[in-house]
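What follows is calculated from the coordinates using simple rules that are stated; it is not laboratory data. As the structure is a computational prediction, the values presented were derived from the model and not from experiment. So basically every Cβ, Gly included, is an ideal-geometry build from the backbone, and we count neighbours across all protein chains shown.
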Amino acid sequence: MIDTTGANPAALTAKNVKQRLGKRAKILAAIRHYFDQQQVLEVDTPLLSDYPVTDPQLDNIKVENPTVNYQSTSQPWLYLTTSPEYAMKQLLSLGSGSIYQISKSFRQDAPGPKHSIEFTLLEWYRVGFKITDLIDDVTALLMALMPSSLMANGVEILSYREAFLRHLSIDPFSLTTKQLEDFAHQNIDCDFTDQDKDIWLDLLMSHCIEPNLGHQAPCFLIDYPASQAALAKITHDEQGDLVAKRFELYIEGIELANGYEELTDHDQHIDRFEQDNQRRYELDLPTQAVDQHFLKALKSGLPECAGVALGVDRLLLLAVS
């Protein structure tokens, strides 16, 4: 599990454990103070869901459903949530207004220095916000939480296209899949082939661009290709290409947060989930049932909003280092 005190466990002593835990508690209190001042309501949603997620890049941890023997249900499994997103959006559809949550989440990923199967997310949704409003909101929160040295130069807002041009001198929107594959083979130690353009974009992003982001100032990377929209709205950029109304936030090469101007249309959600399952099929991954509770909430009406998930463990590592 990621060390939430912000230090190598082997180097910890009783004294610095207490100091770091104290800093951690102050940061969590500061998060709550910020949202209290903003009149954003703290909520708490279930960690277990009746449904998995369809996102082909995510896998739920499933657990046996103990109610099978006591209730008239044929559903043998429950799923630890990969984020509180669907449950929080159900609250939004019921009229909760702007909300936030500090929650444990779980993903069946290979553990590593920046990944754990169990981690803590700060997730919040602002009713009536656009993506630009959300960037301002995240910036204000960072100003309240992070060391002044990290925020001395303000923040940088960089488009996905600009990042590729700056660090690789290529335009990710104009190159074909084959051209991107050839470029990746020339610049990264990889020997496979794939016809999915996003595979090569992601590989180049993770190996050649991400490590360079957010060193002078926290960097909001915006205008991702529409194929990487997940559940964000889609628009046209200045060059006329379809892009997602989303961002990822990087500090010192570490991805810290992922924000969206949220898709609210029920039918478009169904289309996205079907696309997810089609991609799962192509990757020989199991297709997943769509969360019917979430679809019902969408049918009743999700308000226009913007939302962001921020990794608390990574935040603590950056804030107390």
(message) Loop-only chymotrypsin sites (Phe, Trp or Tyr not before Pro) in the range 182-255, please: DSSP not H, G, I, E or B, and at most 14 other Cβ atoms within 10 Å.
(response) PHE192
(request) Could you pull out every residue, at least 5 positions away or on a different chain, whose amide H is within less than 5 Å of the one on CYS305? Hs are placed 1.01 Å off N in the peptide plane, and Pro or chain starts have none. (result) GLY128, GLU262
(request) Would you kindly calculate the mean projected area, averaged across all directions, of the convex hull enclosing the Cα atoms of the chain, in square nanometres? (result) 18.6
(message) Between ASP267 and HIS215, what's the calculated FRET efficiency when r is the beta-carbon distance and R0 is 51 Å? Round to 0.05.
(response) 0.75
(request) For the range 177-321, list log₁₀ I(q)/I(0) at each q in 0.11, 0.14, 0.16, 0.19 Å⁻¹, using the Debye formula over Cα point scatterers of equal strength and ignoring solvent, two decimals each. (result) -0.55, -0.88, -1.11, -1.33
(message) Under 37 °C and 0.692 mPa s, how fast does the range 89-242 diffuse according to Stokes-Einstein, given a Kirkwood radius computed over C-alpha pairs? Answer in µm²/s, whole number.
(response) 180
